[in-house]
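One structure is given here, and the rest of the page talks about it.
No value in this document is a laboratory result; all are computed from the given coordinates. From a predicted model like this one, the values you see are computed outputs, not experimental measurements. Neighbour counts are summed over all protein chains in view; Cβ atoms, including those assigned to glycine, are modelled from backbone coordinates with ideal geometry.
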Amino acid sequence: METEDIIAEELQNVEAEIQGVQDQIKILLDQQERLYERQSELQALLEASKDSSYPVNGPSNAEENWSGIFEWDSRANDVRFNLFGISTYRANQREIINAVMSGRDVLVIMAAGGGKSLCYQLPAILRDGVALVVSPLLSLIQDQVMGLSALGIPAHMLTSTTNKEEEKSIYKSLEKGEGDLKILYVTPEKISKSKRFMSKLEKCHNAGRLSLISIDEAHCCSQWGHDFRPDYKSLGILKTQFPKVPVIALTATATQKVQSDLMEMLHIPRCVKFVSTVNRPNLFYMVREKSSVGKVVVDEIAEFIHHSYSDHESGIVYCFSRKECEQVAKELREKGISAHHYHADMDANARENVHKRWSNGKLQVIVGTVAFGMGINKPDVRFVIHHSLSKSMETYYQESGRAGRDGLPSQCLLYFRPGDVPRQSSMVFYENSGLQNLYDIVRYCQSKRQCRRSSFFRHFAEPLQDCNGMCDNCAFSNEVKELDVSRHAKVIISLLQDVQENDQRLTVLQLVDKIKIKHKELGSELNREEIEKLVIQLILDRFLKEEFQHTAYATNAYVTIGPLAKQVLQGKRSIKLEMTSGQKKVAGMRSVKHSRASSTLELKLDELRKELSSVHGGIFPHSVLSTQQISLISAQKPNSMELLENIIGKVKTEKYGSRILEQVTKYADSAQPDEVKEEEENENRASKRLKSKKQLILVESSDDES
Ligand SMILES: Nc1ncnc2c1ncn2[C@@H]1O[C@H](COP(=O)(O)OP(=O)(O)OP(=O)(O)O)[C@@H](O)[C@H]1O
Ligand SMILES: [Mg+2]
């Protein structure tokens, strides 16, 4: 049937064309979405720049002064210091507490480790009745309840692990006000699925005993956030049912889109908004060139940890795949580092066990995939190393941000090689703006000049702040040359054109191989890594583009001619490649010694907090004493309960004071164990900055604001 064949063939062609058009529409819609988002971010940035004081308090509340004097000031100060052992408020904490205490709904955007918990825990204690806290993860809830209980604060949780008896007593407290319930943690499923719980909560409210509602990790409401949880969508019911109870929603995620989504979904359109800076001044950001030989990368990571963190300080290494996690953890162990992998293929018990050992300081490094995420509450993570790049700036900000939540100097190191880009792009290309987001972080990695911090400010549409030399590009003064590679780019594009005309496709690596074989003259001017880097740069600038093809086993990423290729072929655009002189490479390859060595007293206090934590019901060591408190005790060497109380507050002094003073008396005069060794070290500029930063932070936090 010849005619039928012809028609069928044409039909096939038309269908292929339709598919092509649909693909293009999808790309354009993604682009439009991204532009809208950027537009609103830029509008917000413009507003914020007009108003010279950033962080901003919500626009509708400009006239309200949340830092003034309030009737609860002295009670709040007492609870802050004597109960929580916190000597000064951090930025925005006091204002947020005052807004909640005034009965307002509040939205808090504050960086990881900024101290969001205190913003609802303190009002929960000051206000009469029970505070409800919704939190997405069991592990987060357990950590919080354990920490609060250790301070003697009546906190409980209702989750899948709560036994019947406990549940009964909690319900009784809600219904009749019996017992000692002050803060109740629940997962979102309790609100969306348990009618019984909601009816008890209603009774508690009707009796005037529901003091406030806190939604932690509130970005889980939004599909645009990175940890969307369907059950968070129904939390709007809380405001509808209990309109007069203040709602405080807290998140570390800053995009405008997520913010407006949250306000809408939680029904808090007139909330007071507190947006703190995304800046994490205590984090030192750096990117290193990643060798194509796996063993070399792990050797470097091990050397970095041995050199900078010989006191067993905690860290995280993020890897791309589960297999890679296991391999890297194994190789680190072989190099004498206590490391264990963590990924979604492990059963829940094994994962929890690894997490616990790490939180208790028994394991130094967790080597994880992105599955090691939101539940990480450990404040003293000193380093986060990315063995492979993250899929976006946002993800990298979150992951690296798990370092230094206690405000002390910490390092974020990312290993980058252009060959890792197609691995990621074939995973993210089908996501909303997935490729654009990936290309943003690739730009971050490829740049040898631009301040790393400034990329975060730009990404989160925030005015620039000084980096204070706390990234590799600002700290190391290296010569960056710009090489004109327009000729090389032309050759690459022409070669690809020929390949495409012959209906063939090439991956990035195949393309580089071909260039090395067919154009030896280019190979003698640029080495393999530089050609790879150039190809990636051409993709970022849309002279080339990536295309994807599914096979039965994987999605392959190919590189093809991009929409702007003609401009290079016609010589209308010149292409420059940033290159560093050898000096930078050498400086960058060396480890940065992170901070001064701990004194004997500090080490002894660290041992003591580990011991006390295990005898006090398995709470975490940092719940006994924070690293900052250890540094303060070691600097001030208090010799009486009264003096110790001035540093760590009443509750902790009563609980642990005599044991702490024992150590102070015993080790107050001991010399620094590493004093001599350290002086001999030829520290580079960056380490000096980190050192002075530590002192600066301690002075700041020992000043009592009140
Ligand atoms: N004013 C303060 N002074 C000193 N330490 C503080 C202060 N406020 C909070 N902290 C400490 O900082 C650490 C991080 O606090 P918190 O867990 O509340 O952070 P967070 O903002 O909720 O971060 P994340 O987004 O990661 O959940 C904790 O160890 C906490 O005790
Ligand atoms: Mg938190």
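Report the FRET efficiency, 1/(1 + (r/R0)^6), for Glu642 and Gln19, where r is their Cβ-Cβ distance and R0 is 51 Å, rounded to 0.05.
Numbers: r = 77 Å, r/R0 = 1.52.
After rounding, the FRET efficiency stands at 0.10.
With q set to 0.09 Å⁻¹, the log10 of I(q)/I(0) for region 283-478, from the Debye formula over equal scatterers at the Cα positions, is -0.31. For region 72-275, just say rounded, prolate or oblate: build the C-alpha gyration tensor, square-root its eigenvalues into a ≥ b ≥ c, call rounded for a/c under 1.5, and beyond that prolate if a/b exceeds b/c, oblate if not. Rounded.
Dividing the summed -39500 (n - 2.57) terms of all DSSP H runs of n ≥ 4 by the residue count of the chain sets its mean residue ellipticity at 222 nm at -15500 deg cm²/dmol. Placing a pseudo-label 7 Å from each Cα along the Cα-to-Cβ vector at Ser194 and Asp345 gives an inter-label distance of 3.6 nm. Taking the longest Cα principal axis of the chain as reference, the axis of helix 600-615 is set at about 80 degrees. Taking every DSSP beta bridge that has both ends in the chain, the antiparallel portion is near 25%. Length gained on full extension, His267 to Leu509: 82.1 nm, using 0.36 nm per residue less the C-alpha separation. Taken along its three principal axes, the alpha carbon spread of region 388-438 comes to 38, 23, 12 Å, from the longest extent down to the shortest.
Compute the Kirkwood hydrodynamic radius of region 218-327, taking the inverse of the mean of 1/r over all pairs of distinct Cα atoms, and give it in Å to one decimal.
18.0
In the chain, the longest principal axis of the Cα atoms and the axis of helix 2-50 are about 40 degrees apart. Each Lys and Arg Cβ is given +1 and each Asp and Glu Cβ -1; about its Cα centre, region 485-573 then shows a dipole of about 280 debye. Applying D = kT/(6 pi eta Rh) to the chain, where Rh is the Kirkwood radius over alpha-carbon pairs, T corresponds to 4 °C and eta to 1.567 mPa s, the Stokes-Einstein value obtained is 47 µm²/s. Counting charges near Gln259 (Lys, Arg +1; Asp, Glu -1) among other residues having Cβ under 12 Å from its Cβ returns a value of -2. Label separation (Lys295 vs Ser260): 5.5 nm, computed from points 7 Å beyond Cα along the C-beta direction.
Judged by the gyration tensor of its Cα atoms, with axes a ≥ b ≥ c, region 469-568 is prolate; a/c meets the 1.5 cut and a/b is the larger of a/b and b/c.
Across region 600-671, Cα-Cα pairs more than 21 Å apart make up 14 percent of the total.
Calculated FRET efficiency, Ile517 to Ser494, Cβ-Cβ distance, R0 = 22 Å: about 0.90 to the nearest 0.05.
Taking R0 as 60 Å, what's the FRET efficiency between Ser447 and Ala207 from their Cβ-Cβ distance, rounded to 0.05? Mind showing how you got there, number by number?
Working: r = 59 Å, r/R0 = 0.98.
Calculated transfer efficiency: 0.50.
An ellipsoid equivalent to region 183-235, defined through the eigenvalues of its Cα gyration tensor, has semi-axes of 24, 12, 8 Å when rounded to whole angstrom and sorted largest first. Taking the longest Cα principal axis of the chain as reference, the axis of helix 256-265 is set at about 50 degrees.
Put a dot 7 Å past the Cα of Lys335, heading toward its Cβ, do the same for Arg75, and the two dots end up 5.5 nm apart.
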